[in-house]
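The values are calculated or read from the model by the stated rules, or taken from the named source; none is laboratory data. Bear in mind that the values here come from a model prediction, so they are computed numbers and not experimental data. FYI the Cβ positions are ideal-geometry reconstructions off the backbone, even for glycines, and counts take in every protein chain you see. Just so you know, the surface numbers come from the protein's heavy atoms only, side chains and all, with ligands and any DNA or RNA stripped out. Shrake-Rupley method; radii C 1.70, N 1.55, O 1.52, S 1.80 Å.
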Amino acid sequence: MELSNEQVFDMLPHAVDIYDNLDFDSYRKKLKDEYDKKRKNGKKIDPVDASVDAVKYILKNSKNVKNEIFNIIAIAENKSFEEVRKQSFLKTIATFKSIFTNEELVSFFKSPMQ
């Protein structure tokens with residue numbers, strides 16, 4: 001999925017709301033500690049793994065940030081909030097996953113996890 005600058009900038013406030021509402025900073029620090037331990041034991045860490053872990057955490061807690069997720073999906077798919085609310089769950093999850101495994105976005109967030 002290719003996202004324009006406009007789409008990404010429109011998504012950012014919703015992403016920050018997700019980050020804050022899920023106390024993602026605490027989770028991120030815990031995840032970083034886990035990856036640091038793995039690195040010390042000689043394991044190579046793939047940044048995509050960190051992205052997948054983050055997506056799983058968000059999905060697990062999605063009931064707390066449902067509106068923010070719908071807004072992000074609506075922006076990515078160029079749809080209205082209501083259209084996204086009514087679409088199939090699998091379509092929403094597929095789009096959500098493609099956003100959070102987008103190579104450009106992953107590379108942007110890659111350095112804080114190293």
Qualifying residue in the range 29-36 (condition: more than 21 Å from Val8 (Cβ to Cβ), outside any helix (DSSP H, G or I) and hydroxyl-bearing (Ser, Thr, Tyr)): no
For Lys91: the one exception among (1) out of contact with any Phe, Trp or Tyr (no Cβ under 9 Å at 6 or more places or on another chain); (2) over 23 Å from Ser4 (Cα atoms); (3) open to solvent by 60 Å² or more (accessible area, probe 1.4 Å); (4) free of Cβ contacts under 8 Å to residues at least 24 places away in the same chain: (2)
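Is one or more of the residues making up the range 15-33 among the small types (Gly, Ala, Ser) and over 24 Å from Ile69 (Cβ atoms)?
no
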Counted residues, the range 85-114 - those being in a helix (DSSP H, G or I), modelled with pLDDT of 75 or more and of a type in the set (Ser, Thr, Tyr): 3
Output for the range 58-84, where each listed residue is within 25 Å of Asp23 (Cβ to Cβ), of a type outside the set (S, T, N, Q), at pLDDT 90 or above and open to solvent by 50 Å² or more (accessible area, probe 1.4 Å): Lys60, Lys63, Lys66, Phe81
